[in-house]
Amino acid sequence: MDSVEPFTALKPRLFGIAYRMLGTRSDAEDVVQDAWLRWHETDQAELRSSEAWLVTVTTRLAIDRLRSRKSEQEKYIGWWLPEPLVEAHEDTPEAAAELASEVSVAFLLVLERLSPDERAAFLLRQAFDLDYEEIASILGKTEAACRQIVHRAGERVREGRPRYDVSPQEHRELLTRFMQAASTGDRTAMKTMLSPDAELISDGGGKVPSFGRILRGAARIAGVFWSLGHAAPGKVRYRLARINGMPGLLRYVDGKIESAQSFTIEAGRITAVYVVRNPDKLSAVPPL
């Protein structure tokens, strides 16, 4: 059998693992490429399972990349947010990653609290439904240890996740109204759609201006959206998009992408806004 065929068939799954582990498209693609090189160099006839081998290699490569990146993130200027997957189509690896399980920005931020081994064990179990024997083999640990790791990671993830699930339709309807209010500069309307204790986190990566701290409060966040439109009248455009599997907003200024925005919604109001402004993380966003 052609060695390319099994790898191609599994590539969406491998990308899904790597992206959830690392939170950036470029790092995930690099890991998948490294896995391909190792796959190409190995004697595939000796493998008991191509899938098990590729999942193991991809996971271990992602763990190594995540460990080395931790020191880089300590030097990152401002808040670090995952690179958004924007408007994925059904035939892309990103779409397969979304269909496998949640990859929302809020969820990926919660995963940042975990150690590399915790993150890998939790994702392999919860997102990709591997049994503990497989996880133990991948991580080089005992099944008992992996059960403890997944349990501990699960508790930390539950503590940081939204308390209520919101349907994509409800999410989209609220964002449509918020987009209209932001487009017209209606601060009062925006304020009513934001939770009183809503938070806004902005990632400029030191490349463009961003807030160095979390902004809190409906009035302040509504004011931020209003101020940009007021500063550049007629030049700000919003577009609904699917960002990491959920409805989100793309904001363009003078025809150029300025940010990708993801939202957490609870009890009918926006509780968190995640604004990615770092241009390095927006290179794959489609033009207006």
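The values are calculated or read from the model by the stated rules, or taken from the named source; none is laboratory data. Remember, it's a predicted structure, so these values are computed and weren't measured experimentally. Only protein heavy atoms, including side chains, enter the accessible area calculation; ligands, DNA and RNA are left aside. Shrake-Rupley method; radii C 1.70, N 1.55, O 1.52, S 1.80 Å.
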* Prolate/oblate/rounded call for the range 222-288, Cα gyration tensor, a/c under 1.5 rounded -> oblate
* Structure fact -> If one compares the long axis through the Cα atoms of helix 50-74 with the longest principal axis of the Cα atoms of the chain, the angle in degrees, nearest 10, works out at 50 degrees
* Asked: Where a Cα-Cα gap under 26 Å defines reach, which lysines qualify for LYS141, not counting those fewer than 8 residues away within the same chain?
  -> LYS11, LYS70
* Choice from ALA136, ALA35, ALA144 with maximal GNM fluctuation in the chain (Cα, 10 Å cutoff) -> ALA144
* To do: Indicate, rounded to the nearest 5 percent, the antiparallel portion of the DSSP beta bridges found entirely in the chain.
  => 80 percent
* To do: Return one number: the angle in degrees, 0 to 90 and rounded to the nearest 10, between the long axis of the Cα atoms of helix 168-184 and the longest principal axis of the Cα atoms of the chain.
  => 40 degrees
* Hey, could you pull the Cα Rg and Dmax for the range 113-157, both in Å? -> 9.0, 25
* Asked: Once a ≥ b ≥ c are taken as the square roots of the eigenvalues of the Cα gyration tensor of the range 1-73, is the result rounded (a/c under 1.5), prolate (a/b larger than b/c) or oblate (a/b not larger than b/c)?
  -> prolate
* To do: Using a 1.4 angstrom probe on heavy atoms only, work out the carbon and sulfur share of the accessible area of the chain in %.
  => 48 percent
* Asked: Over the chain, how many percent of alpha carbon pairs lie in each 10 Å bin up to the one with the longest distance?
  -> 6, 27, 33, 21, 10, 3, 0
* Once you sort the root eigenvalues of the Cα gyration tensor of the range 114-237 as a ≥ b ≥ c, which label holds: rounded (a/c under 1.5), prolate (a/b larger than b/c) or oblate (the other case)? -> prolate
* **Residue-level accessible surface for SER68, protein heavy atoms, 1.4 Å, Å²** => 60 Å²
* Once Rh is set to the Kirkwood radius over Cα pairs, what Stokes-Einstein translational diffusion coefficient, in µm²/s, holds for the range 163-288 at a temperature of 25 °C and a viscosity of 0.890 mPa s? -> 168 µm²/s
